[in-house]
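One structure below.
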Amino acid sequence: MTETFKIDGLADLEKNLLALGADLGAKTLRNALRDAAKPIHSKMLSGITDSGVTRVVTTKKGQRVTITSGFLRSRTKIRTSINRRGAVSKRFSKGDVAVVKVGVFRVGYVVPVEYGANGRAGTKFIRRSLSETPAALNIFRQRLADRIEKAARKRNR
């Protein structure tokens, strides 16, 4: 699924971002991306329902693990990273400076919760949170402009 959005005024912001320099510009971009991801993250958290049940599960290695209510919510995060070397790798494609990821990390049962399994309907909490994308893009544009001004003032001190 590919969605395309147009944001006006990014060309000027990009010029200002490049004027800050590589390190300060990348940090500024990452902070703006993190701020823009917050509405998506909060919508995702609001869609997660807690069962209120605590259970003990045996893993494949024979270890006993206690799964408590709210574990899925605790593993829903915003993660950002900066491509400091400018290299292409499994985390960064060509031209990527900063990457933001919003989602559920290291939870094996997130797919049955999202899509449903064994006759149960899925909750669609991840797919519903993507409806916040246009608002997040507007926040990104505003926060990037604010953070560029703040970084320029900081650099000129």
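List of remarks:
- Residues considered: R30, R79, R34, R73. Of these, the only one that is over 29 Å from G122 (Cβ atoms), outside any loop (DSSP other than H, G, I, E, B), modelled with pLDDT of 90 or more and of a type in the set (K, R) is R30.
- Of all residues in segment 68-86 being more than 20 Å from M44 (Cα to Cα) and of a type in the set (K, R), the one that is surrounded by the fewest Cβ atoms within 10 Å (Cβ to Cβ): R85
- The condition of being assigned to a helix (DSSP H, G or I), under 20 Å from L33 (Cα atoms) and among the small types (G, A, S) does not hold for S93.
- Those residues of segment 3-61 which are exposed (fewer than 10 other Cβ atoms within 10 Å of the Cβ) and under 16 Å from A145 (Cα atoms), in sequence order: D8, A11
- Scanning segment 104-157 for residues that are among the β-branched types (V, I, T), outside any loop (DSSP other than H, G, I, E, B) and either closer than 20 Å to F71 by Cα or touching a Cys at 6+ places or on another chain (Cβ under 6 Å) (or both) gives V104, V110, V111, V113, I126.
- Scan of segment 84-117 for residues that are of a type outside the set (A, V, I, L, M, F, W, C) and either in contact with a His (Cβ under 7 Å, 6 or more places away or on another chain) or at pLDDT 90 or above (or both), ordered by number: K101, G103, R106, P112, E114, Y115, G116
- Matching entry among F105, F92 (being of a type in the set (F, W, Y) and under 16 Å from A26 (Cα atoms)): F92
A quick yes/no check of all residues on (1) aromatic (F, W, Y); (2) free of Cβ contacts under 8 Å to residues at least 60 places away in the same chain; (3) crowded, with 17+ Cβ neighbours inside 10 Å:
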{"residue": "V88", "(1), (2), (3)": "no, yes, no"}
{"residue": "R91", "(1), (2), (3)": "no, yes, no"}
{"residue": "D96", "(1), (2), (3)": "no, yes, no"}
{"residue": "R106", "(1), (2), (3)": "no, yes, no"}
{"residue": "Y109", "(1), (2), (3)": "yes, yes, no"}
{"residue": "G116", "(1), (2), (3)": "no, yes, no"}
{"residue": "A121", "(1), (2), (3)": "no, yes, no"}
{"residue": "K124", "(1), (2), (3)": "no, no, no"}
{"residue": "R127", "(1), (2), (3)": "no, yes, no"}
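The values are calculated or read from the model by the stated rules, or taken from the named source; none is laboratory data. The structure presented is a predicted model; accordingly, all values stated were derived computationally and were not measured. Using ideal geometry, Cβ is built from the backbone for each residue, glycine included, and neighbour counts are taken over all protein chains shown.
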